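Participant: Sending over a structure as structure tokens; questions will come in a sec.
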Amino acid sequence: MTTLRRRLIVPLWVALLLVGLVSAAFTYWQTREETNGTLDYQMEQVATFLAARTFSIPAQRAEMPRLHTDHDIEEDYIVSVRDASGQVLYATASDVQIPPLSGLGFRVERLGGVDFRVFSAKSGTRRIAVAQQVKLRRETAAAAAVAALLPVGLLIPVLGLVIGVVIRRQLQPLAETASAVAMRPATALDPLPVNDLPAEVRPLIDEINRLLARVAVANESERRFIADAAHALRTPLSALQLQADVLDGSQDVAERAARIQELRGGIHRTVQLSQHLLTLARSESARRSSPGSVAVDAAIAEAFHVYGPLAAARNVELLQTATSAAEVNADPRDLGQILGNLLDNALRYTPAGGRVTISATADSGGVRIEVADEGPGLPESELEKVFQRFYRAPDDATVGSGLGLAVVRGYAERLGGRAQLVNRTDRSGLIAQVWLPGGDDSLHGKVAQG
Amino acid sequence: MRILLIEDDRMIGASLQRGLSDDGYAVDWVQDGVAAAAALRDTQAGYALALLDWGLPKRDGLAVLKELRKSDSALPVLMITARDELEDRVTGLDGGADDYLVKPFELAELKARIRSLLRRRERRAEFALSHGDLTLDLIAHSVKLRETTVSLSAREFALLYALLERPRAVLSRRQLEEQIYSWSDAVESNAVEFIIHGVRKKLGASLIENVRGVGWRIGSKP
């Protein structure tokens, strides 16, 4: 994986190098041209100087002045001054002599096996020629060009270094954040620090912090669930322990049988509680139930089938007062859990000879299921509290886990619905109301009917 | 020995009542805070100890305990609760509990703690009561007469314990019944005589004296 730093530095350095090379090449070429121009100008100056001098015959060694260069003319130039007849009036003393040349201006001549740049000029009847070694000229131009390149050559590495430092410094908060995340224990869910972070990175860290907060909430709810469950298990486990302990205390056969029966009851209660805990954990899990439509009537019929014997044993009449052909978007097992827990509660609190009614009616795009019992009802202040898991109303004398309604609400909300309790107005008793959003089919059916 | 059991869970309460009755305690069982407070206000009930659950319907166990201590009662109270945090234990003990037991617990431990509290109440160093050649071992619930172990029923033991606890006192039928039977026991009119008859048969007739018209007391040393 490439780092952001490398991604920034490599293109910048490449660009810097390219710009440096192009500008160096341009500077080199331009400086050389300028130097050549200057050297040519100097040759013209020499020629002008010679034109102004008088020479006597035979050719005498001229007293050459110093020109604008640091070099003696004789070192750098070969010159010749001839009269109209071609007679040499003046020439530098050197191995190579400039032959009589026709034409004027600059050209390159090969003299004595070496390339010279030659400038020819005419002054009156005299012909003046100034020559300079091409090699020497090139060396001068190159030296000038290299000197001109020096600033560029220094600038590029310095700029490269600056870029590296700046990028490193600007990415430092990111590196610090990364190491802060790396050193974090799995249990640390407090938000990452956001000071000093560039605005572009802030949203990412903010999102991570939001995720951490969600994880913390989920963790906390799980921790609470486990603590609640452990606490709730203490009572039935204590009972089991004591029920087993008192088995030893009696030799009487009938008494022992009674105590074993109590132990069985304790085991049954513990098993039921653990099952309720599992159901509740499932209802509160984030997993979406598998999509599918289930007919409410069929689910109610199924629940009646399951709870019919219990109702009969308690001499309570189980009755469906309103039916709905509607379907809800739910896993049949989830709806079964809701109905089962509601019926279980209603049967638990309805006295013998009473009646539990269930109804299902289409309501605002979904289905409203109501289970009414003939129990004592609840004070208004308790109606919401009893949905808390493990909560038991103060005067509740029945044996229960305190989880039934928490399970109902958990499933209802998972299916996108609601659950609440209201007291009956016609008599004592409670009505448990669950609203569930309708399945796609029932919505279509509604449109077709409408 | 009469114990007040305050516990709202039916299964736990039933087992505790059975288990303690097996050892000859008379156990009265109430299931909510209001009934507990009422039972504790009854100073005639003669409770030797109270087992108090913290989480109770109607009234919190701790509130019941504080009210008991406010009324200047020194009744030993053993709290039994599912709350196991350090602060809970501290709150419970500071609230007036003499001991604290966290659910789930074993019956044997509860019984040992009850004995320990009772011994402390009676300022005794040992878990035994002696009368001449007769020794009541309160832990093993056994009775020894001249090195011979005599087997007594739980009620016989409870009656003997009640008499030996206050050697010079004459206990009425009602006082003895209270030490032997809980509210839930159906007591027949001659039950005390029946138990005394059993004890005399096993340990000698002179051990328990009848004070006509008043009750019974422990007799001359056997």
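Read the figures in this text as sums done on the coordinates, not as results from a lab. Remember, it's a predicted structure, so these values are computed and weren't measured experimentally. Glycine also receives a Cβ, built like all others from the backbone with ideal geometry; neighbour counts cover every protein chain displayed.
Participant: How much mean residue ellipticity at 222 nm does the protein assembly as shown get from its helices, if each DSSP H run of length 4 or more adds -39500 (n - 2.57) and you divide by all residues, to the nearest 500 deg cm²/dmol? Please report the intermediate quantities before stating the final value.
Facilitator: Working: 17 runs with 323 residues, N = 672.
Roughly -16500 deg cm²/dmol at 222 nm, from the helical runs in the protein assembly as shown.
Participant: With θ set to phi - 60°, apply the Karplus curve 6.51 cos²θ - 1.76 cosθ + 1.60 along segment A:404-417 and write out the HN-Hα couplings as whole Hz, x wherever there is a Gly or Pro.
Facilitator: Residue by residue, segment A:404-417 yields x, 6, 4, 5, 4, 5, x, 5, 4, 6, 5, 8, x, x Hz.
Participant: Also, quick follow-up: Report, ordered by chain and residue number, the aspartates and glutamates lying within cross-link reach of B:LYS58, taken as a straight Cα distance under 14 Å and ignoring same-chain residues fewer than 8 apart.
Facilitator: Answer for B:LYS58, where 14 Å is the Cα cut-off: A:GLU382, A:ASP395, A:ASP396, B:GLU7, B:ASP8, B:ASP9, B:ASP32, listed by chain and number.
Participant: Sticking with this structure for a sec: Taking +1 at the Cβ of each Lys and Arg and -1 at the Cβ of each Asp and Glu, which of A:VAL166, A:GLN433, A:GLY308 sits farthest along the dipole of chain A towards its positive end, judged by Cα position relative to the Cα centre?
Facilitator: Value: A:VAL166.
Participant: How far, in degrees from 0 to 90, does helix A:440-449 lean away from the longest principal axis of the Cα atoms of chain A, to the nearest 10?
Facilitator: That helix lies at roughly 70 degrees to the long axis.
Participant: Once both labels are modelled 7 Å past Cα along the beta-carbon direction, what's the B:PHE105-A:THR361 spacing in nm?
Facilitator: Going from the B:PHE105 label point to the A:THR361 one covers 5.5 nm.
Participant: How much length would be gained if the chain were fully extended between A:ASN209 and A:GLU302, taking 0.36 nm per residue of separation minus their Cα-Cα distance, in nm to one decimal?
Facilitator: On the way: separation 93, 0.36 × 93 = 33.48 nm, distance 4.64 nm.
Once the chain is fully extended between A:ASN209 and A:GLU302, it gains 28.8 nm.
Participant: While we're looking at this one, here's another question. Round to a whole angstrom and tell me the spacing of the C-alpha centers of segment B:165-197 and segment A:292-349.
Facilitator: With segment B:165-197 and segment A:292-349 each reduced to a Cα centre, they are spaced 55 Å.
Participant: Given the protein assembly as shown reduced to its alpha-carbon atoms as identical point scatterers, what log10 I(q)/I(0) does the Debye formula return at q = 0.08, 0.09 Å⁻¹?
Facilitator: -0.87, -0.97
Participant: Going by C-beta contacts inside 10 Å, put A:HIS268, A:HIS231, A:HIS305 in order with the fewest on the left. Spell out each step's value before the answer.
Facilitator: Numbers: A:HIS268 12, A:HIS231 15, A:HIS305 9.
Final ranking by Cβ density, sparse to dense: A:HIS305, A:HIS268, A:HIS231.
Participant: Take the alpha carbon atoms of segment B:11-39, find their center, do the same for segment A:147-187, and report the distance between the two centers in whole angstrom.
Facilitator: If we compute the Cα centre of each part, the gap is 78 Å.
Participant: Based on the Cβ-Cβ distance from A:LEU161 to A:ALA24, what FRET efficiency comes out when R0 is 25 Å, to the nearest 0.05? Present the calculation step by step, with values, prior to reporting the outcome.
Facilitator: Values: r = 18 Å, r/R0 = 0.73.
The value I calculate is 0.85.
Participant: Okay, next question. Can you list the residues of segment A:170-199 with backbone N under 16 Å from a point 7 Å past the Cα of A:THR3, pointing along Cα to Cβ?
Facilitator: Taking a point 7 Å out along Cα→Cβ of A:THR3, the residues of segment A:170-199 whose backbone N falls under 16 Å are A:170-182.
Participant: Between A:GLU413 and A:ASN219, how high is the FRET efficiency from 1/(1 + (r/R0)^6) when r is the Cβ-Cβ distance and R₀ = 22 Å? Nearest 0.05.
Facilitator: E between A:GLU413 and A:ASN219, to the nearest 0.05, is 0.65.
Participant: Next up: How far, in degrees from 0 to 90, does helix A:332-349 lean away from the longest principal axis of the Cα atoms of chain A, to the nearest 10?
Facilitator: Its long axis makes an angle of about 40 degrees.
Participant: Multiply the residue separation of A:GLN320 and A:GLU33 by 0.36 nm, subtract the distance between their alpha-carbon atoms, and state the gained length in nm to one decimal. Intermediate results must be reported in sequence, preceding the final value.
Facilitator: Details: separation 287, 0.36 × 287 = 103.32 nm, distance 10.72 nm.
The A:GLN320-A:GLU33 span can extend by a further 92.6 nm.
Participant: Here's something else I'd like to know. Between B:THR148 and A:VAL152, what is the label-point separation in nm under the 7 Å Cα-to-beta-carbon projection?
Facilitator: Placing both labels 7 Å beyond Cα along the Cβ direction yields 12.9 nm.
Participant: Right, here's the next one. Going by how many other beta carbons lie within 10 Å of each one, how would you line up A:ASP252, A:ASP426, B:ASP84, fewest first? Kindly include the intermediate steps, with their values, before the conclusion.
Facilitator: On the way: A:ASP252 10, A:ASP426 7, B:ASP84 13.
By the 10 Å Cβ count, ascending, the order reads A:ASP426, A:ASP252, B:ASP84.
Participant: Could you please rank B:MET1, A:MET183, placing first whichever residue has the fewest other Cβ atoms within 10 Å of its Cβ?
Facilitator: Working: B:MET1 23, A:MET183 8.
Ascending Cβ contact count within 10 Å gives the list A:MET183, B:MET1.
Participant: Relative to a virtual label point 7 Å from the Cα of B:ARG59 in the Cα→beta-carbon direction, which members of segment B:5-28 show backbone nitrogen distances below 18 Å?
Facilitator: Hits in segment B:5-28 for B:ARG59 at 18 Å: B:5-9, B:28.
Participant: Using 7 Å Cα-to-Cβ label points, what is the A:ARG168/B:ARG123 separation (nm, one decimal)?
Facilitator: 8.4
Participant: Can you list the aspartates and glutamates whose alpha carbon sits under 16 Å from that of A:LYS122, skipping same-chain ones fewer than 8 residues off?
Facilitator: Reachable aspartates and glutamates: A:GLU44, A:ASP83.
Participant: Report the Cα-based extents of segment A:289-449 along its three principal axes, largest first, to the nearest Å.
Facilitator: 48, 29, 28
Participant: Give the angle, between 0 and 90 degrees and rounded to the nearest 10, that separates the Cα long axis of helix B:191-203 from the longest principal axis of the Cα atoms of chain B.
Facilitator: The helix B:191-203 is inclined about 60 degrees to chain B.
Participant: If r is the Cβ-Cβ distance from A:GLU384 to B:ASP42 and R0 is 30 Å, what FRET efficiency results, to the nearest 0.05?
Facilitator: Working: r = 38 Å, r/R0 = 1.27.
Between A:GLU384 and B:ASP42 the formula returns 0.20.
Participant: Also, quick follow-up: Grab the Cα-Cα distance for A:LEU247 and A:VAL201, subtract it from 0.36 nm times how many residues apart they are, and report the gain in nm with one decimal.
Facilitator: Contour length minus the Cα-Cα distance gives 9.7 nm.
Participant: Taking the Cα centre of chain A as origin, sum charge times position over the Cβ atoms of Lys and Arg (+1) and Asp and Glu (-1), and report the length of that vector in debye to the nearest 20. Write down the numbers at each step before the final one.
Facilitator: Working: 47 positive and 50 negative charges, 292 e Å.
I would put it at about 1400 debye.
Participant: Something else about it: So the label point goes 7 Å from the Cα of B:LYS202 along Cα→C-beta, right? Which residues of segment B:10-37 then have their backbone N under 11 Å from it?
Facilitator: none
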